[in-house]
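This report refers to the structure that appears directly beneath it.
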Amino acid sequence: MKKKNLVILALLLGTILLFNGCASISDSLLIAPDPAYPFQGTWLNTMSNSIQVINGINGEWYFRSTFGWKKMAVYTIEKKDNVYITSNNWRISLTKVSNNDVLSVEGMTYERYIKK
């Protein structure tokens, strides 16, 4: 019975850490938009718990785990013909939906994150 209670407590604490402790994006990952570089900014995908942080033409992809945001990839963005491609061969594009920008990276969509 004690073992079962310990497992339940561990699962409960892990869930709390996942949804509360790591939910916020630290200021070091916040990049302000810049009209000169339309991809620039911090982009959030709530479905996959990931963000794209793009500064100028340089980008980083982060995934949120129970221990915080972990950098998964680093890339640059360049235009090839009429499409934008990252240095790790991901197609990347930007569209306007209602009043918000939407970033698409290999079929995953991210909304611009503005700290409130």
When Phe63, Phe39 are ranked with the fewest other C-beta atoms within 10 Å first, the list becomes Phe63, Phe39
Report the extension gain between Phe67 and Lys2 in nm, rounded to one decimal, defined as 0.36 nm multiplied by the number of residues separating them, less their alpha carbon distance. 20.7 nm
What are the lysines whose alpha-carbon lies under 21 Å from the alpha-carbon of Lys70, with same-chain residues fewer than 8 places away excluded? Lys115
Where a Cα-Cα gap under 21 Å defines reach, which lysines qualify for Lys116, not counting those fewer than 8 residues away within the same chain? Lys96
Quick one: Val102, Val83, Val53, fewest Cβ neighbours within 10 Å first, how do they rank? Val83, Val102, Val53
Counted neighbours (other Cβ, 10 Å), sorted fewest up, put Arg91, Arg64 in the order Arg91, Arg64
Calculate the spin-label point distance for Asn55 paired with Val97, positioning each point 7 Å from the Cα along the beta-carbon direction, and give it in nanometres. 2.8
If R0 is 35 Å, what FRET efficiency do you get for Asn89 and Ser24 from their C-beta distance, rounded to 0.05? 0.65
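The numbers here are math on the coordinates, done by the rules we state, and not lab data. Note that the structure is a prediction, hence the values are computed from the model and not measured. Every residue, glycine among them, receives a Cβ derived from its backbone with ideal geometry; neighbour counts consider all protein chains shown.
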